[in-house]
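For reference, the structure discussed in these notes is given below.
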Amino acid sequence: MAAAPQGVLDLLSPYPPGWGGTLLMGAASTIAISVGAFLIGLLLGTGGAFGKLSGNRPLGLLLSLYTTAIRAIPELILIVGLYYAGMDGLNRLLTAVNLPAIEVNGFVVAVAVLGFVQGAYVTEVLRGAILAIPVGQIDAAKAFGMGPMLRFRRVILPALLPNALPGLANLWMSITKDSALVAVVGYQELALATRLAGASTKHYFIFFLASALLYLAITLVSNIVFNLIERHVRRGQPKPHEEHTA
């Protein structure tokens with residue numbers, strides 16, 4: 001039986017016995033997990049992209065194995081495997097050296113595993129963006145005597161960002177949804193909070209609709225942020241339609 005309008009407001013109230021506060025806390029957890037994993041992915045991906053382009057054959061093969069394996073194995077299997085098998089292996093090692101076993105927080109595991117997965121995708125996004133930079137720009141920077149760090153900051157990064165941002169934005173959108181997978185290790189984010197609210201009240205439609213609207217709000221705000229960033233990094237560059245008509 002459908003809930004009356006007032007009943008819906010009561011269910012979604014941020015104050016008990018409403019579940020609105022639980023959903024908002026879940027949304028905050030989703031954003032926190034996504035931000036942490038995205039930053040880790042950026043660090044790993046930056047190192048991975050430059051490692052693949054370094055010309056070091058053993059390193060390149062190792063990074064190719066990393067990106068291929070991560071993109072082939074579902075995130076759910078990685079989360080469960082690294083949490084349970086990884087924790088078991090770590091505690092066995094600690095026991096072997098007479099140290100007490102530890103229990104890692106589900107939030108830490110979620111951020112670490114999703115960041116590790118994101119690193120593989122970011123590696124390929126950044127590698128493609130770097131390859132799109134005209135070689136002449138990098139050669140000119142070398143001719144001016146710029147060191148690797150100065151060359152990266154003054155030449156590579158400004159040319160890299162416009163090419164990489166669309167791919168990075170897609171990865172961010174993906175990770176906000178992949179964060180729902182951490183429920184398998186018992187950490188409560190938006191998807192798990194939604195299921196708990198629905199199971200407790202039997203108003204599944206109301207809470208899943210509210211959850212969908214929260215995910216949509218996260219996506220819309222993210223679009224605005226990435227559009228502003230892209231506009232900033234593309235300042236001074238011709239717009240695509242201007243390039244075609246020039």
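The values are calculated or read from the model by the stated rules, or taken from the named source; none is laboratory data. This is a predicted model, so every value here is computed, not measured. Here Cβ is always computed from backbone atoms with ideal geometry, including for glycine, and neighbour counts include all displayed protein chains. Ligands, DNA and RNA are excluded from the accessible area calculation, which covers all protein heavy atoms including side chains. Shrake-Rupley method; radii C 1.70, N 1.55, O 1.52, S 1.80 Å.
Find all pairs meeting these conditions: Cβ atoms under 9 angstrom apart; at least six residues apart or on different chains; first residue within the stretch 128-142 and over 15 Å from Ala164 (Cβ atoms) and at pLDDT below 85; second residue among the polar types (S, T, N, Q) and exposed (fewer than 15 other Cβ atoms within 10 Å of the Cβ).
As it stands, the answer is none, since no pair meets every condition given.
Could you please give the count of residues in the stretch 102-113 that are loosely packed, with under 14 Cβ neighbours inside 10 Å and touching a Leu at 6+ places or on another chain (Cβ under 6 Å)?
Summing the residues that are loosely packed, with under 14 Cβ neighbours inside 10 Å and touching a Leu at 6+ places or on another chain (Cβ under 6 Å) in the stretch 102-113 gives 0.
Go through the residues of the stretch 43-56 one by one and say whether even a single one is of a type in the set (D, E, K, R) and either open to solvent by 60 Å² or more (accessible area, probe 1.4 Å) or within 20 Å of Met173 (Cα to Cα) (or both). Step through it out loud before you land on a result.
Filtering the stretch 43-56 down to residues of a type in the set (D, E, K, R) leaves 52.
Filter again for either open to solvent by 60 Å² or more (accessible area, probe 1.4 Å) or within 20 Å of Met173 (Cα to Cα) (or both), leaving none.
No, the conditions are met nowhere in the stretch 43-56.
Can you name every residue in the stretch 125-154 that is surrounded by 15 or more Cβ atoms within 10 Å (Cβ to Cβ) and within 26 Å of the chain's Cα centre (by Cα)?
Val125, Leu126, Arg127, Ala129, Ile130, Ile133, Phe152
Here is a list: Ala183, Ala164. Which entry is under 20 Å from Gly20 (Cα atoms), buried (at least 19 other Cβ atoms within 10 Å of the Cβ) and either touching a Gly at 6+ places or on another chain (Cβ under 7 Å) or small (Gly, Ala, Ser) (or both)? Give the derivation first.
On the way: Ala164 fails: under 20 Å from Gly20 (Cα atoms).
When all the criteria are applied, what remains is Ala183.
Confirm whether Leu165 is of a type outside the set (Phe, Trp, Tyr), free of Cβ contacts under 8 Å to residues at least 60 places away in the same chain and under 23 Å from Ile31 (Cβ atoms). Steps first, please.
Values: of a type outside the set (Phe, Trp, Tyr): yes; free of Cβ contacts under 8 Å to residues at least 60 places away in the same chain: no; under 23 Å from Ile31 (Cβ atoms): yes.
So Leu165 does not fit the description; no.
Taking the criterion of being open to solvent by 30 Å² or more (accessible area, probe 1.4 Å), farther than 25 Å from Val113 by Cβ and at pLDDT below 85, would at least one residue in the stretch 68-89 satisfy it?
Among the residues of the stretch 68-89, not one is open to solvent by 30 Å² or more (accessible area, probe 1.4 Å), farther than 25 Å from Val113 by Cβ and at pLDDT below 85, which makes the answer no.
Take the residues in the stretch 114-124 that are of a type outside the set (Asp, Glu) and open to solvent by less than 50 Å² (accessible area, probe 1.4 Å); name whichever of them is nearest to Leu181 (Cα to Cα). I'd like the intermediate steps shown before the answer.
Kept after step one, since they are of a type outside the set (Asp, Glu), are these residues of the stretch 114-124: 114-123.
Narrowing the set further to residues that are open to solvent by less than 50 Å² (accessible area, probe 1.4 Å) leaves 114-115, 117-120, 122-123.
Details: Leu114: 9, Gly115: 13, Val117: 13, Gln118: 14, Gly119: 17, Ala120: 18, Val122: 20, Thr123: 22 Å.
This residue is Leu114.
Write out, first by first residue and then by second, each pair whose Cβ atoms fall under 6 Å of each other, whose residues are 6+ apart or on separate chains, and whose first residue, in the stretch 208-237, is under 24 Å from Gln188 (Cβ atoms) and open to solvent by 70 Å² or more (accessible area, probe 1.4 Å) while the second is assigned to a helix (DSSP H, G or I) and among the acidic types (Asp, Glu).
none
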